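Note sheet for the following structure.
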Amino acid sequence: MTIKDVAKAASVSVATVSRALNGHQNVAEAVRARVLEAAAALRYSPHHAARSLSSRRTQTVGVVLPDLHGEFFSELMRGIDQVARTQGLHVLVSSYHGNPVEQGAALRAMRGRVDGLLLLSPYVHDADFLAQNVDASLPLVLMNSAGPVDRVSIGIDNYGGARDMVRHLVEAGHRRIAFLGGPEDNDDARERLRGYRDGLAAADAGLEPWELPGRFDEDSGHQAGQALLALDTRPDAVFAANDTMAIACLYALGRGGVRTPDEIAVVGFDDIPLARYVHPALTTMRVDIAELGARALRALLDPEAGQQITPGSTRGLQPALVVRDSCGARRADGARAPR
């Protein structure tokens, strides 16, 4: 049962249910009684985030991330911090550098120090992992992590964004489209790879996948660019699963004498601030990364926002295609379009 079910049963708004259950004075006693009766009949338990955070025991929210390096995490924290400051909350941040043992230690270290927790992790598919490391009474919202059915997750429509990028590249005339992927245990990377594969399949039966390994960092992007330079037959376009790899690949190709986009187009995903300042400016899928962090914290703090997201589902932010200079156009016959 959710707060929306109680509101429907009592014929009042969700906001009225929240005020009635939290003892606010601006609720008529007859209405409060109706709400309480409906809640009891439905065996509704108030949102655990609201119960814990309303007490403001520590006035601190914990954030556990895979890493703190890179513009993605910087933007994510900027959005979280903006909401925290408006609520008078402190933020305690920890990272685990892709190590599940370190992540477990980081999560256990949050116990008693925070009133709620935001978590970005590839390990939450395992319900036992959460049970062993997170206090069951601690309010928790997942970010970009498809977790157990009793948890709320705020994420990105990585699959749809990747399909849109492939469609754009095909419409621009590219046929040999290479994909530079991310870590195998990363949900974003898996969904973007799936979108790339399905995008190729939907576009033309004759388009073959061309997949390169990556790690979402500069080194793997640069290595991919160098590997492409060594080939006799190169792709028309490289779709990197994030902007960091795309920019490093772009640099490697340029150093090797390849002109972008005239010889190889390069595109990315995320639209980090640096993407617009490289040369040529990077075509990418824009994700409001700061808004991802802000929405996650709002869902943790606001009982109404939290109840509007079904536990076990993922509320996705929709990426938007941003076309810049790094993606050239080709005619259907493969020749370059006149400029």
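Across the chain, C-alpha contacts under 8 Å between residues 6 or more apart give a mean separation that, scaled by the residue count, equals a relative contact order of 19 percent.
Net charge in the neighbourhood of residue 161 (other residues with Cβ under 13 Å of its Cβ; Lys, Arg +1, Asp, Glu -1) is -4.
Charges were assigned to the Cβ only: +1 to each Lys and Arg, -1 to each Asp and Glu. The resulting dipole of the chain about its Cα centre is roughly 940 debye.
Take every pair of alpha-carbon atoms less than 8 Å apart whose residues are at least six positions apart; their mean separation over the length of region 155-289 yields a relative contact order of 23 percent. Only helical runs count toward this figure. For the chain, summing -39,500 (n - 2.57) over DSSP H runs of n ≥ 4 and dividing by all residues gives -13000 deg cm²/dmol at 222 nm.
A Cβ-based charge dipole, computed about the Cα centre of region 185-313 with Lys and Arg at +1 and Asp and Glu at -1, lands at about 160 debye. Surface calculation, 1.4 Å probe, protein heavy atoms: residue 73 sits at approximately 40 Å² accessible. With a simple spin-label model that places each label point 7 Å from the Cα along the Cα-to-Cβ direction, the separation between residue 259 and residue 197 comes to 3.7 nm. Potential lengthening of the chain between residue 92 and residue 43 amounts to 14.2 nm, from the contour at 0.36 nm per residue minus the alpha-carbon distance.
What do you get for the angle between helix 158-171 and the principal long axis of the chain? Use alpha-carbon atoms, 0 to 90 degrees, nearest ten. On a 0 to 90 degree scale, this one is about 30. The angle between the Cα long axis of helix 29-42 and the main principal axis of the chain comes to about 60°, on a 0 to 90 degree scale.
Can you tell me how region 241-285 classifies by the Cα gyration tensor, rounded, prolate or oblate, using a/c under 1.5 as the rounded cut? Prolate, because a/c is 1.5 or more and a/b exceeds b/c.
The values are calculated or read from the model by the stated rules, or taken from the named source; none is laboratory data. Model, not experiment: these values are computed from the prediction. Here Cβ is always computed from backbone atoms with ideal geometry, including for glycine, and neighbour counts include all displayed protein chains. Calculation scope for accessible area: heavy atoms of the full protein, side chains included, ligands and nucleic acids excluded. Shrake-Rupley method; radii C 1.70, N 1.55, O 1.52, S 1.80 Å.
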